[in-house]
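Notes for the one structure printed next.
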Amino acid sequence: MVVMGMLGGCSRPSAPEDARTVYDLRCAPCHGASGRGDGPAASHLLPTPRDLSDPDWQDHTEDAYLRKIILNGGLGVGRSTRMPGNPDLAERPEVLHGLVQVIRGFRRP
């Protein structure tokens, strides 16, 4: 009962916080904390993970494509089967949108 009272004031994190948490847990091991494709698992992958900070790639990649590859994985867009999909995020469009914004935030000048 006391625990319930203490948790009553806690709120669910906002979608951007959820998106960053999802990125950190699911994407950063391969793509790296700053999206450069240098996560701890990257050296074991062929092909290597995309550098999400690349300005040319950022300029030529649409948000709809990012949403599709996040949801369906590499296989879903004809890319590497090593990138898993996240179909559970289809029911959380605010987090999916937030992940796209996280990726856009990696763009190097």
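The values are calculated or read from the model by the stated rules, or taken from the named source; none is laboratory data. Here the structure is a predicted model, which is why all the values come from computation and not from measurement. All Cβ positions, glycine included, derive from the backbone under ideal geometry; neighbour counts span all protein chains shown.
What pairs come up if the first residue lies in the range 62-80 and is closer than 14 Å to Cys27 by Cβ and part of a helix (DSSP H, G or I), the second is modelled with pLDDT under 95 and of a type in the set (S, T, N, Q), and their beta carbons are under 6 Å apart, counting only those six or more places apart or on different chains?
Gly74/Ser80; Gly74/Thr81
Conditions: (1) on the phi > 0 side of the Ramachandran plot; (2) surrounded by 15 or more Cβ atoms within 10 Å (Cβ to Cβ). Asn72 meets all but one. Number of the miss?
For Asn72, the failing item is (1).
Pull up the range 43-68, narrow it to residues that are among the aliphatic types (A, V, I, L, M) and either at pLDDT 95 or above or closer than 11 Å to Arg107 by Cβ (or both), then point me to the one that is surrounded by the fewest Cβ atoms within 10 Å (Cβ to Cβ).
Ala64
Can you give me the number of residues within the range 28-48 that are free of Cβ contacts under 8 Å to residues at least 40 places away in the same chain and under 11 Å from the mean Cα position of the chain (by Cα)?
5
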